[in-house]
Amino acid sequence: MVFPRRPGRPHGEFHPQPRQFASLSIVIAPVAIIMGSQSDWTTMRHAAETLAALGIAVETKIVSAHRTPERLYAFAKGARAAGHKVIIAGAGGAAHLPGMTAALTELPVFGVPVESKALSGVDSLYSIVQMPAGVPVGTLAIGKAGAINAALLAAAVLALSDEALAARLAAWRRRQSDDVAERPEDSAS
Ligand code: RP5
């Protein structure tokens, strides 16, 4: 099945994992990456790339809590039925997207505070991390590190029920360890 590019999806990113049901081939993306603005994509693409490296299908979408509240409601309410298992939500400034999403779905939501120009992402972090008891958002670090770690955390959740993915995640971490030199060199950046 071919999924057309839809407006509002940065780069039309979609990494399909087809599953065969009789003659019908459908695509399910266990992870949805949503973000408040196109400007968040430079950060959130690191989450998409990390998931792609682990062979996990993702759907990416711009969903703004402030500018497109109805899109947010429709997305969050339909997320489970769409086959998503984990949602990664990145936003900057008055970053209500992860919290509002978590309020509208029981799926796990990981929030990535995007580094804002005015306050370097501290505003984003505070907006996301201080959820009142009862509606959790797993909050990651500000910026690229948070986007990558959100993807790795999503992968770890999915790996609980997917042994092949658990092996890929373990291999990814082994490679990361292997890449760390024993001693620093003058020429290394
Ligand atoms: C938030 O406002 C977005 O998540 C973004 O980080 C921030 C700025 O958005 P733009 O003005 O760049 O669209 O909603």
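Measuring between their Cα centroids, region 38-89 and region 93-129 lie 13 Å from each other.
How many percent of the accessible area of the chain is carbon or sulfur, using a 1.4 Å probe?
Working: 5880 of 10630 Å².
C and S fraction of accessible area: 55 percent.
I'd like the Kirkwood hydrodynamic radius of the chain, using the inverse of the mean 1/r over distinct C-alpha pairs, in Å. Evaluated over the chain, this radius sits at 17.1 Å. Net charge dipole, the chain: roughly 640 debye, given to the nearest 20, about the Cα centre with Cβ charges of +1 for Lys and Arg and -1 for Asp and Glu.
May I ask you to order 49-58, 27-36, 63-72, 127-136 by the average number of other C-beta atoms within 10 Å around their residues, highest value first? Don't skip to the answer; put the middle values down first.
Details: 49-58: 18.9, 27-36: 23.5, 63-72: 16.4, 127-136: 14.2.
Sorting 49-58, 27-36, 63-72, 127-136 by mean packing, highest first, produces 27-36, 49-58, 63-72, 127-136.
The dipole here belongs to region 43-127: it is taken about the Cα centre, uses +1 on the Cβ of Lys and Arg and -1 on the Cβ of Asp and Glu, and is about 180 debye. Each residue was assigned an accessible area with a 1.4 Å probe, and for ARG168 the value is about 90 Å².
For a straight C-alpha distance cut-off of 17 angstrom, the aspartates and glutamates reachable from LYS144 (same-chain residues fewer than eight places away being disregarded) are ASP40, GLU49, GLU115, ASP123. Taking the helices alone, the chain has a mean residue ellipticity at 222 nm of -11500 deg cm²/dmol, built from -39,500 (n - 2.57) per DSSP H run of at least 4 residues and averaged over all its residues.
Backbone phi angles across region 140-157, fed through the Karplus curve with coefficients 6.51, -1.76 and 1.60 (θ = phi - 60°), yield HN-Hα couplings of 9, 5, 5, x, 4, 4, x, 5, 5, 5, 4, 5, 5, 5, 4, 4, 5, 5 Hz in residue order; Gly and Pro are listed as x. Each pair of Cα atoms in region 149-189 enters the Kirkwood radius, and Stokes-Einstein at 20 °C and 1.002 mPa s then converts it into a translational diffusion coefficient of 182 µm²/s.
The values are calculated or read from the model by the stated rules, or taken from the named source; none is laboratory data. Predicted model only: the values in this text are computed from it and were never measured. Positions of Cβ are backbone-derived with ideal geometry, glycine not excepted, and every protein chain shown enters the neighbour counts. When the accessible area is computed, the model is the full protein with side chains, heavy atoms only, and any ligands, DNA or RNA have been set aside. Shrake-Rupley method; radii C 1.70, N 1.55, O 1.52, S 1.80 Å.
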